[in-house]
Amino acid sequence: MTTQTSHLSVLLQESLDGLSIKPDGVYLDATFGRGGHSKQILTQLSDKGRLIALDRDPSAIESAKALANDPRFSIHHCNFSEMEDVLTSLELHGKVDGILMDLGVSSPQLDEPERGFSFMREGPLDMRMNPTKGQSAAQWLAHAEEQDIAQVIKEFGEEKFGKRIAHGIVNARQQAPITTTAQLAEIIDIAVPVKDKFKHPATRSFQGIRIYINSELDEIRTGLKSALNSLNSGGRLSVISFHSLEDRLVKRFIREQSRGLQVPHGLPIMQSEIDSHKALKAIGKAIKPSPEELSRNVRARSSVLRVAEKL
Ligand SMILES: C[S@@+](CC[C@H](N)C(=O)[O-])C[C@H]1O[C@@H](n2cnc3c(N)ncnc32)[C@H](O)[C@@H]1O
C-alpha cells in the first residue's frame with residue numbers, strides 16, 4: 001500500500017533567489033524529488049530557458065511525468081555524481097547558469113513504509129534511494145562486521161553508543177534475520193542505555209545506516225566538484241543541507257574553492273597567481289529557514305542553504 005504524502009519544498013524562495021535566475025538561462029535541479037523547486041524554476045524561465053532535472057529515485061522520475069509536455073524540461077534517472085555525463089550528452093557541459101542541490105531524502109521516501117527509511121513506520125528494511133541498485137540495509141546488516149556497523153553508526157549517525165548498538169545488532173541477527181524497520185528500531189532501543197528526551201533512540205543510527213547504504217557523503221563530494229565543472233562563469237550554485245555532516249562538506253568546498261592557491265608563507269608569488277586559482281565566490285552567509293517556514297514545515301528545522309558563484 002502506498003501512503004499519500006505531501007512534500008513541502010524547503011527554503012524554496014531563498015534557494016531560487018540564490019540562483020539569480022535569468023529567463024533564458026540553463027538550470028540543473030540535481031535532486032528533483034517531487035519537483036517543488038523545479039516547478040518554481042520553470043515559472044521564471046522564458047521559452048528559451050532550459051531545466052535539466054536529475055534524481056536517483058525511480059518514484060521521483062515517475063512523478064516528473066506531469067512535466068513531460070514542457071519542452072524546456074527534461075528528467076534523467078541517475079546520481080548527481082553523474083551530472084557531467086548527462087550535461088555532456090546534451091552539449092550543455094560548462095554552460096549551466098545555475099545548479100540546485102536539495103540534499104538528503106524526500107518526504108515521500110521517509111513517509112512511505114515500503115521504502116524502509118523510517119523507524120516510525122513498519123516496513124521492509126531497505127533504505128535505498130534507488131531500490132533497483134546496490135544492497136538494502138537488511139542485506140548489509142545480515143553480513144557486515146560488527147566493527148564496521150559500529151563505525152557507520154558512530155561516524156554517519158554521530159551516535160555515541162555505536163559500539164553497543166552494533167553489538168546488539170550482531171547478537172540479534174544470530175537469533176533471526178533483521179528484515180524490518182520495526183525490528184531494527186527495537187534492537188537499537190534496547191541497546192541504547194541513556195535515552196534522549198526529545199529524540200527516538202533509533203534516530204541517529206537510522207541516519208547513519210541510510211547515509212552509508214546510499215554513499216551519500218561521497219555523492220556530495222563528487223557532486224559538488226561536478227557542479228563546479230558544469231557551471232559557466234558567473235553561474236550560481238545553491239545547496240540545501242539537512243545535517244552537519246552534509247553542511248560541513250558544502251561549507252569546506254566553498255571555502256577551499258574561494259581561497260585560491262595555497263602557498264607557504266613568505267614564498268614570492270604574485271597575488272594575481274593566487275587569485276587565478278580561485279574558482280568560486282561565496283554569496284552571503286548560510287541561510288536558515290524563517291520562523292514562518294518553520295511554523296509550516298517541521299522538516300525544515302535543520303536545513304541550511306549556502307550559495308556560491310563560479311568565477
Ligand atoms: C530533499 S529531496 C528534494 C526535494 C525537491 N527539491 C522538491 O522540492 O520536491 C531530495 C531528493 O534528492 C534525491 N537524491 C538524493 N541524493 C541523490 C543523488 N546523489 N543523486 C540523485 N538524486 C539524489 C532523492 O532521491 C530525493 O528525491
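Scanning segment 44-82 for residues that are within 13 Å of the ligand (Cβ to nearest atom) and aliphatic (A, V, I, L, M) gives Leu51, Ile52, Ala53, Leu54, Ala60, Ile61, Ala64, Ala66, Leu67, Ile75.
Name the helices (runs of 4 or more DSSP H) wholly within segment 1-67 that hold at least 3 residues that are at pLDDT below 95 and on the phi > 0 side of the Ramachandran plot? Quick ask: steps written out before the conclusion?
On the way: elements: 12-19, 36-43, 58-63.
Ranges flagged: none.
Closer than 24 Å to Ser303 by Cβ, of a type in the set (S, T, N, Q), without any contact (Cβ under 8 Å) to a residue 40 or more places away in the chain and buried (at least 17 other Cβ atoms within 10 Å of the Cβ): does that describe Ser38? Answer is yes for this residue.
Among the numbered conditions (1) within 11 Å of the ligand (Cβ to nearest atom); (2) assigned to a helix (DSSP H, G or I), the only one that Asp85 does not meet is (1).
For Arg259, indicate whether it is closer than 30 Å to Phe119 by Cα and open to solvent by 90 Å² or more (accessible area, probe 1.4 Å). It is false that Arg259 is closer than 30 Å to Phe119 by Cα and open to solvent by 90 Å² or more (accessible area, probe 1.4 Å). The residue that is farthest from Asp29 (Cα to Cα), counting only those in segment 41-84 that are of a type in the set (Asp, Glu) and surrounded by fewer than 19 Cβ atoms within 10 Å (Cβ to Cβ), is Asp47. Gly104 falls short of the stated requirement of being surrounded by fewer than 17 Cβ atoms within 10 Å (Cβ to Cβ) and under 20 Å from Asp218 (Cβ atoms). Looking only at residues in segment 107-140 that are small (Gly, Ala, Ser) and open to solvent by less than 30 Å² (accessible area, probe 1.4 Å), the one that is nearest to His7 (Cα to Cα) is Ser107. One residue stands out in segment 204-243 among those that are part of a strand (DSSP E or B) and touching a Gly at 6+ places or on another chain (Cβ under 8 Å): the one that is surrounded by the fewest Cβ atoms within 10 Å (Cβ to Cβ), namely Asn232.
A quick yes/no check of all residues on (1) out of contact with any strand residue (DSSP E or B) (no Cβ under 6 Å at 6 or more places or on another chain); (2) under 18 Å from Ala60 (Cβ atoms); (3) not aromatic (Phe, Trp, Tyr):
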| residue | (1), (2), (3) |
| --- | --- |
| Asp102 | no, yes, yes |
| Gln109 | yes, yes, yes |
| Met120 | yes, no, yes |
| Asn130 | yes, yes, yes |
| Gly134 | yes, yes, yes |
| Gln139 | yes, no, yes |
| Ala142 | yes, no, yes |
| Glu146 | yes, no, yes |
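Looking at segment 196-239 only, could you name the residues that are among the hydrophobic types (A, V, I, L, M, F, W, C) and under 30 Å from Lys310 (Cβ atoms)? Answer for segment 196-239, where residues must be among the hydrophobic types (A, V, I, L, M, F, W, C) and under 30 Å from Lys310 (Cβ atoms): Ile211, Leu217, Ile220, Leu224, Ala227, Leu228, Leu231, Leu237, Val239.
Scanning segment 259-283 for residues that are among the small types (Gly, Ala, Ser), within 16 Å of Glu309 (Cβ to Cβ) and over 22 Å from the mean Cα position of the chain (by Cα) yields a count of 2. Of the residues in segment 103-124, none is part of a strand (DSSP E or B), within 15 Å of the ligand (Cβ to nearest atom) and outside the structural domain of Ile187 (by TED's automatic domain parsing).
The values are calculated or read from the model by the stated rules, or taken from the named source; none is laboratory data. Predicted model, so just to flag it, every value in this text is computed and none were measured. Note: ideal-geometry Cβ built from the backbone for every residue, glycine included; neighbour counts use all protein chains shown. Keep in mind that these areas ignore ligands, DNA and RNA; they rest on the heavy atoms of the full protein, side chains included. Shrake-Rupley method; radii C 1.70, N 1.55, O 1.52, S 1.80 Å.
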